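No value in this document is a laboratory result; all are computed from the given coordinates. Small disclaimer: the values here were computed from a predicted structure and weren't measured. Methodologically, a virtual Cβ is constructed for each residue, glycine included, from the backbone with ideal geometry; neighbour enumeration extends over all protein chains shown.
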Amino acid sequence: MAANLEDVPSVDLMTELLRRMKCSSKPDKRLILIGPPGSGKGTQSPIIKDEYCLCHLATGDMLRSAVAAKTSLGVKAKEAMDKGELVSDDLVVGIIDEAMKKPSCQKGFILDGFPRTVVQAQKLDEMLEKQGAKVDKVLNFAIDDAILEERITGRWIHPSSGRTYHTKFAPPKSPGIDDFTGEPLIQRKDDTAAVLKSRLEAFHKQTEPVIDYYSKKGLVANLHAEKPPKEVTTEVQKVLSS
Ligand code: ADP
Ligand code: AMP
């Protein structure tokens with residue numbers, strides 16, 4: 001249920017109104033971000049989301065909330081996630097199908113961490129076909145595995161917003177504290193060098209074929225994800241404006 005609008009401060013209402021007016025002139029976009037863990041998908045997503053008024057659907061974030069809330073989905077997903085393996089296609093397809101119906105996805109979406117198998121990609125195509133829609137672009141966060149351990153082991157996140165920090169590359173103003181809310185940051189249980197190995201194995205075996213799947217459709221744009229965050233943002237903006 002939406003909050004009673006009379007209780008919402010005027011400045012918030014006006015800000016939201018202005019945002020919606022600006023958004024109404026933006027083209028619809030349906031984007032997929034593919035890349036190994038730590039390649040920068042979660043860092044770039046909020047920037048793209050704000051620029052194009054899209055919703056950001058990160059299956060990893062959704063699964064982690066389900067695990068924390070101990071829902072039946074969370075209970076089913078936990079074991080595979082702890083080991084750095086993929087959870088079953090049916091589980092993630094179900095959550096994406098549901099999430100895409102949100103009003104915030106009206107102008108399109110950024111899928112971050114989905115599809116991760118060719119079966120998921122085929123199921124997504126079927127879902128979109130039913131709505132008369134299709135994927136517009138797939139951003140491939142190409143990066144060498146060797147860079148990822150330092151990125152993953154230094155990552156800190158603010159769970160409720162999904163904001164990401166890094167001890168060396170993107171430090172918060174105070175260590176362990178979210179810049180915007182003052183709430184504590186956490187490290188993910190699977191962000192260790194050992195679990196990263198399984199996650200990378202899953203990426204190469206099961207997710208790289210998804211890049212081929214979309215390459216054949218002419219949808220893939222390759223990014224230099226090893227560059228500093230601002231340079232990656234510039235590359236993303238170039239790809240999306242063309
Ligand atoms: P993903 O969502 O692809 O798993 P993140 O966006 O969470 O990756 O990035 C992983 C870690 O690396 C985070 O701690 C983030 O702050 C940091 N990071 C993201 N992009 C870059 C970059 N281009 N250069 C250096 N560090 C980065
Ligand atoms: P991420 O936050 O994207 O690194 O995902 C964390 C974990 O959630 C992965 O290691 C998988 O166990 C699981 N996961 C996230 N997205 C998917 C997906 N599309 N398919 C299968 N498992 C997923």
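The residues L196, L91, when put in order of fewest to most other Cβ atoms within 10 Å, stand as L91, L196. Past the 19 Å Cα-Cα mark, which pairs from K49/K102; K78/K205; K130/K216? Correct reply: K78/K205; K130/K216.
Of the GluC sites (Glu not before Pro) found in segment 37-100, no site is in coil according to DSSP while having at most 13 other Cβ atoms within 10 Å of its Cβ. Write out the chymotrypsin sites (Phe, Trp or Tyr not before Pro) in segment 153-233 meeting two conditions: DSSP loop, and at most 12 other Cβ atoms within 10 Å of their Cβ. Passing both the DSSP loop test and the Cβ count: F180.
Based on Cα contacts under 8 Å between residues 6+ apart, the chain shows a relative contact order of 26 percent. Compared with the alpha-carbon gap, the fully stretched path from M14 to D179 is longer by 57.0 nm at 0.36 nm per residue.
Near the amide H of R163, within less than 5 Å, lie the amide hydrogens of H158, all on another chain or at least 5 residues away, with H placed in the peptide plane.
Relative contact order of segment 145-242: 20 percent, from C-alpha pairs under 8 Å at least 6 residues apart in sequence. Among beta bridges from DSSP that stay inside the chain, the antiparallel ones total about 30%. Shape call for segment 1-68 from the C-alpha gyration tensor, a ≥ b ≥ c root eigenvalues: rounded (a/c under 1.5), prolate (a/b greater than b/c) or oblate? Oblate, since a/c reaches 1.5 and b/c is not below a/b.
Relative contact order of segment 1-108, taken over Cα pairs closer than 8 Å and 6 or more residues apart, is 28 percent. Charge dipole (Cα centre; +1 on Lys/Arg Cβ, -1 on Asp/Glu Cβ; no other charges) of the chain amounts to roughly 300 debye.
Extent along the principal axes, Cα only, for the chain: 51, 45, 41 Å, with the longest axis given first. By the count of neighbouring beta-carbon atoms within 10 Å, fewest first, S160, S45 end up ordered S160, S45. Put in order of Cβ neighbour count within 10 Å, fewest first, the listed residues I211, I186 become I186, I211. Please report how far the C-alpha centroid of segment 125-195 lies from that of segment 1-53, rounded to the nearest whole angstrom. Spelled out, the Cα-based centre of one part sits 17 Å from the other. Of the trypsin sites (Lys or Arg not before Pro) found in segment 184-242, those in coil by DSSP whose Cβ has at most 16 other Cβ atoms within 10 Å are R188, K189, K216, K217.
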